[in-house]
Amino acid sequence: MILTLTTDFGTRDGYVAQMKGVALGINPRAVLVDVTHEIEPFGVLEAAFVVRGMAPYYPASTIHVVVVDPGVGSERRGIVVRTPEGLFVGPDNGVFSFVLAGARSPGTGRQKIPTSCNRDGALPTDHSQDACPTRKTASESAQPSTRIWEIRNPRWLREEVHPTFHGREVFAPVAAHLSLGKDPAEAGPEIHDPVTLAIPPVIRTPTGLEGRVIYADRFGNLTTNIEASMLDRTVLTVVAGAVPRVEDHRQCHPPLCPPIKGGETQALSTSSMGGDAQVLSPRGTVKNEGGRARLQYPVDSKEGRRHTVISGISRYFGEVAPGEPLALINSFGFLEIAVNQGNAASTLGLGVDSPVTVTWP
């Protein structure tokens with residue numbers, strides 16, 4: 001039986017080795033696979049996304065242990081989740097949000113992830129997460145083939161459970177018992193209100209889509225929450241970073257004039273692309289590079305952010321010159337911002353929760 005391990009423990013200390021030792025002590029024949037132990041510390045959303053992308057490629061009998069657990073030792077529950085893609089063991093803190101939503105393997109287009117965690121199920125009007133995480137009913141959070149049990153069976157735990165290391169004391173032994181073929185219902189009572197994270201919503205506007213970066217990989221590639229299926233029209237530009245504020249609204253040329261709060265307007269101009277460069281405002285220029293328009297704004301001294309406009313969607317990194325930014329659909333099936341042979345996160349000054357705007361012609 002295969003057991004995968006995903007944690008934020010790193011490899012410097014012996015935490016992962018202790019978990020493996022406990023699991024192998026219960027089932028010496030278990031096959032242990034390290035997915036990653038380099039999740040950003042306390043990065044529950046990052047772990048949820050990594051598990052979403054990894055699990056579909058393993059046999060459906062696999063048991064996935066995920067330990068990114070800022071609330072360890074508190075009243076947060078430990079859970080076992082059964083889905084058509086396998087068993088999942090870990091804290092009930094939203095780390096299985098994508099799994100519970102029935103998010104499909106990359107590129108296969110299963111039901112979309114939830115875009116809000118408001119208790120009434122309504123989409124938020126902003127990016128506030130004051131009401132999150134929340135608990136949802138089974139009908140809202142899980143497909144019929146998905147079942148969830150709270151870990152309560154003391155016979156499946158270590159004799160003395162240390163409150164700061166449930167990875168070793170709770171989740172590793174529970175996974176090992178499951179790997180012996182035991183019924184997950186023996187873990188404890190079934191529950192129907194798992195915690196789910198606030199996944200930033202993708203907002204559709206008359207001029208395009210407004211999304212957010214939800215994951216940055218080790219190359220600095222930035223995965224957004226905009227799925228490929230949402231790009232149902234020709235993409236004119238992808239704006240990476242906050243849309244620059246233009247003081248003179250007459251410089252705003254549709255379709256790149258999305259409204260913002262307070263009736264103000266943020267805008268970019270793409271008119272008159274015949275020359276090598278056109279000054280749009282005191283802070284930015286558009287360059288016509290081989291027919292591909294790219295607008296680069298320098299670091300804003302007030303906002304501390306860059307704004308880059310990329311023309312269209314590329315198929316692969318090498319479609320642009322080394323060091324140039326691009327937008328493409330990554331292997332997870334999401335819109336990604338990247339820099340060919342470079343690091344988009346550091347080059348563009350962006351990271352998780354940075355805004356990304358797609359505009360139509």
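Structure notes:
- Ranked by how many other beta carbons lie within 10 Å on average, peptides 222-229, 159-166 from highest: 222-229, 159-166
- Calculated P(r) tail over 20 Å for region 151-217, as whole % of Cα pairs: 55 percent
- Each residue of region 350-360 was assigned a 3J(HN,Hα) from its phi angle through the Karplus curve 6.51 cos²θ - 1.76 cosθ + 1.60 (θ = phi - 60°); the sequence is 10, x, 4, 5, 5, x, 9, 10, 9, 10, 8 Hz, with glycine and proline shown as x.
- Cα-derived Rg to Rh of region 187-244, Kirkwood definition: 1.14
Coordinate-derived values only; no laboratory data. Model, not experiment: these values are computed from the prediction. FYI the Cβ positions are ideal-geometry reconstructions off the backbone, even for glycines, and counts take in every protein chain you see.
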